[in-house]
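Have a look at the structure below, then the notes.
The values are calculated or read from the model by the stated rules, or taken from the named source; none is laboratory data. Here the structure is a predicted model, which is why all the values come from computation and not from measurement. Reconstructed Cβ throughout: ideal geometry from the backbone, glycine too, with neighbour counts over all protein chains shown.
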Amino acid sequence: MRSQRRAGTGPELALRQALWRRGLRYRVDAAVPVPGVRRRADLLFSGPRVAVFVDGCFWHACPEHGTAPRANAWYWGPKLVRNAERDRDTDRRLAEAGWAVVRVWEHEDADAAAAVVEAVVRGRAKPARGRGAGPTRSPTAAGLGEALGRS
Ligand SMILES: [Zn+2]
């Protein structure tokens, strides 16, 4: 069993490297400066106010791989539901504070995910952007074209 809090898993490192190659600079495992949000973002872009979370398929109940474990379902069911609720709560609080949230599943292609993050970050770097646009999913769930088309 992997631990939930980890410093740089493989998928996260791959995303960081892909973003670095694209010339983006960010803070790693940083506290989000929003009251009431005690979660740390995996990647944080302070200027454009973009928080990136790389979600583990199991812990965050990915629709493709996040099947509920049969063993000890009485334990894992509520725990995973709480995780998902916490994610939505984090998304909402950040959006209310004017932050953009990008969630990436650990199973996603790092370069495709980096393209989504880059589009959001560069889009918000321009002046007079809308605020609180809500969470952005990278390609699998949201559709790459949709995410890119918003900037
Ligand atoms: Zn998955």
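Listing for the model above:
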| quantity | calculated |
| --- | --- |
| Answer residue from segment 38-52, given it is in contact (Cβ under 8 Å) with a residue 60 or more places away in the chain and buried (at least 19 other Cβ atoms within 10 Å of the Cβ) and is farthest from Val104 (Cα to Cα) among those | Arg49 |
| Matching entry among Ala73, Ala95, Ala61 (being within 14 Å of the ligand (Cβ to nearest atom), among the small types (Gly, Ala, Ser) and farther than 22 Å from Arg16 by Cβ) | Ala61 |
| Segment 103-115: number of residues that are more than 16 Å from the ligand (Cβ to nearest atom) and crowded, with 23+ Cβ neighbours inside 10 Å | 1 |
| Residue within segment 134-150 that is surrounded by fewer than 21 Cβ atoms within 10 Å (Cβ to Cβ), modelled with pLDDT under 95, more than 19 Å from Ala61 (Cα to Cα) and of a type in the set (Asp, Glu) present | yes |
| Qualifying positions in segment 76-92 - within 16 Å of the ligand (Cβ to nearest atom) and acidic (Asp, Glu) | Asp87 |
| Top-ranked residue in segment 12-23 [being buried (at least 19 other Cβ atoms within 10 Å of the Cβ), of a type outside the set (Gly, Ala, Ser) and in contact with a helix residue (DSSP H, G or I) (Cβ under 7 Å, 6 or more places away or on another chain); ranked as farthest from Val120 (Cα to Cα)] | Leu15 |
| Neighbours by Cβ (under 7 Å, 6+ apart or cross-chain): first from segment 97-118, under 15 Å from Phe53 (Cβ atoms) and of a type outside the set (Asp, Glu); second more than 16 Å from the ligand (Cβ to nearest atom) and assigned to a loop (DSSP other than H, G, I, E, B) | Trp99/Val34; Trp99/Arg49; Ala100/Arg49; Ala100/Ala133; Val101/Pro135; Arg103/Pro135; Ala114/Arg22 |
